[in-house]
């Protein structure tokens, strides 16, 4: 061990004398650093900066295993845990940096370093979870060497301290490791973390919304989810990873990873909720009340279902505004939670009976404007207004009739609330529809003009003898005549429909069906008129210039597809959205939702 007889170069707040030591450590020049330690032996033990970091801290921060090995050899075992201004030891820093090599050197000399906590009460294993490398290997190393029976040393896995590890694992999306930890220490499901007062259930809901809605998956995503679930539940771990690796080769890796994370998070959720059955009502309320409402706001119905299965009365919790989960679901437009409640007879009957603190019924809350992030899921102010009306209509179905005209503390009925809250959206929807109708009216009028003129001046002209069209005996002329007439009829229909839209009254209820239906008819007939017009034009070009040459016909047909393709690309998505929103199955009462345990 080095001698400590010589004094430090400067024993004052000015740490500039340690700059040569810093430079040598950053340059990995051990010989220069050793000469400094020989000249000033206390420098190896005392703080080198205003943050009270010692040479061990600097070596751990730099991730220099060689320097750490040399420094450790010059110190006693009890000298390996100096603390900086935040209470961090060199092992804390090695864990935070994700440097397993440096951590091994320190732990090998003094394993008690694993049980020293910082000013916040965090052990090195806490920092290993959130290491800068973001690797599971770092946590697994510390998990393997950190014991729970090192009495009289503190237990990092005990109570709120242990829950913090679980919360951090969930934050890193290491759901499989979080499940492994809570399975080993089941009591962790019944505490909250020391730093943020968050339980493991809270973390699943608030930190990452990896619990997705299976009902929103398409065919391929559902198929992947099925095989991922089946592989993990019926095979060993190596085979499970082999199957997921194979799926990653066949489809996008991000989709497979999302399905794997979802399946792991659902397993963790089920396990945590099962532990609620082992504790008393007071503890359950403390752990789940906020989680229930957070899950409702975020529309994660699986969380509500699993908590309700463990503690059925949780479904009747109310918040500080005396709002239950149905109130919160409607106000936040959480359709999955709404469907779950409506699919349960007891809840569909009981929950709408309650008012909040200002006498708002659930229908009053349906009359409020949806949160911006929910409104923006639908494109266009008119479709947003339609979705809001659909919500109001669906909620009205489950609301007792005496609430339909019931006034809250401000003397407003649900209909009055809806009108006031949606005044600006209604105006924006009216402007959007009028702008759309004006644009389409111009297009339809141009097509009517063109095809009407083409019907009078037929290709090739008329015969001077009998007045009949010259090309009347050609098949292409028949195609021209039929398509030109169809284009005229459809464009005229489109023009009249859009003119009717411009003269509509734009009442609130018109946005639900009348106006969207007219836009659908107008766009569809406009689309048909463009197609028929292109067919008529192609037939005309072929008759006049083709002279039975197939090359002309093919060339004209290819170019005729350009305006049709442009319309499909630019306007067809709007038509699909309108049809889906107006005639589709909608977001309410979707099939496949399991009922709550009532």
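From 57, 78, which residue is within 50 Å of the chain's Cα centre (by Cα), over 27 Å from residue 132 (Cα atoms) and part of a helix (DSSP H, G or I)?
Being within 50 Å of the chain's Cα centre (by Cα), over 27 Å from residue 132 (Cα atoms) and part of a helix (DSSP H, G or I) holds for just one of 57, 78, which is 78.
Report every pair of residues separated by at least 6 positions or lying on different chains whose Cβ atoms are under 6 Å apart, first residue within region 296-325 and touching a residue at least 12 places away in the same chain (Cβ under 8 Å) and at positive phi, second surrounded by fewer than 17 Cβ atoms within 10 Å (Cβ to Cβ) and not in a helix (DSSP H, G or I).
From region 296-325, the pairs are 322/357.
Residues being closer than 23 Å to residue 338 by Cα and surrounded by fewer than 20 Cβ atoms within 10 Å (Cβ to Cβ): count how many of those fall in region 285-298.
6
In region 395-437, which residues are within 24 Å of residue 345 (Cα to Cα), part of a helix (DSSP H, G or I) and out of contact with any helix residue (DSSP H, G or I) (no Cβ under 7 Å at 6 or more places or on another chain)?
Of everything in region 395-437, those that are within 24 Å of residue 345 (Cα to Cα), part of a helix (DSSP H, G or I) and out of contact with any helix residue (DSSP H, G or I) (no Cβ under 7 Å at 6 or more places or on another chain) turn out to be 397, 401, 402.
Return only the number of the condition from (1) under 25 Å from the mean Cα position of the chain (by Cα); (2) in contact (Cβ under 8 Å) with a residue 24 or more places away in the chain that residue 284 does not satisfy.
Unmet condition: (1).
Just for helices (runs of 4 or more DSSP H) wholly inside region 103-197: which have at least 1 residues that are without any contact (Cβ under 8 Å) to a residue 40 or more places away in the chain and closer than 21 Å to residue 88 by Cα?
Per the criteria, 124-129, 136-145, 159-171.
Matching residues to (1) under 26 Å from residue 412 (Cα atoms); (2) surrounded by fewer than 20 Cβ atoms within 10 Å (Cβ to Cβ); (3) touching a strand residue (DSSP E or B) at 6+ places or on another chain (Cβ under 9 Å):
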position: 271; (1), (2), (3): no, yes, no
position: 278; (1), (2), (3): no, yes, no
position: 283; (1), (2), (3): no, yes, no
position: 303; (1), (2), (3): no, no, no
position: 312; (1), (2), (3): no, yes, no
position: 345; (1), (2), (3): no, yes, no
position: 355; (1), (2), (3): yes, yes, no
position: 358; (1), (2), (3): yes, yes, no
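Is it true that some residue in region 275-293 is at positive phi and in contact with a helix residue (DSSP H, G or I) (Cβ under 9 Å, 6 or more places away or on another chain)?
no
Please find, among 21, 8, 48, the residue that is outside any helix (DSSP H, G or I), surrounded by 19 or more Cβ atoms within 10 Å (Cβ to Cβ) and modelled with pLDDT under 90.
48
Exactly one condition in (1) closer than 27 Å to residue 322 by Cα; (2) outside any helix (DSSP H, G or I); (3) touching a helix residue (DSSP H, G or I) at 6+ places or on another chain (Cβ under 9 Å); (4) in contact (Cβ under 8 Å) with a residue 40 or more places away in the chain is not met by residue 359; state its number.
(3)
The values are calculated or read from the model by the stated rules, or taken from the named source; none is laboratory data. For clarity, every value in this text was computed on a predicted model and none was experimentally measured. Methodologically, a virtual Cβ is constructed for each residue, glycine included, from the backbone with ideal geometry; neighbour enumeration extends over all protein chains shown.
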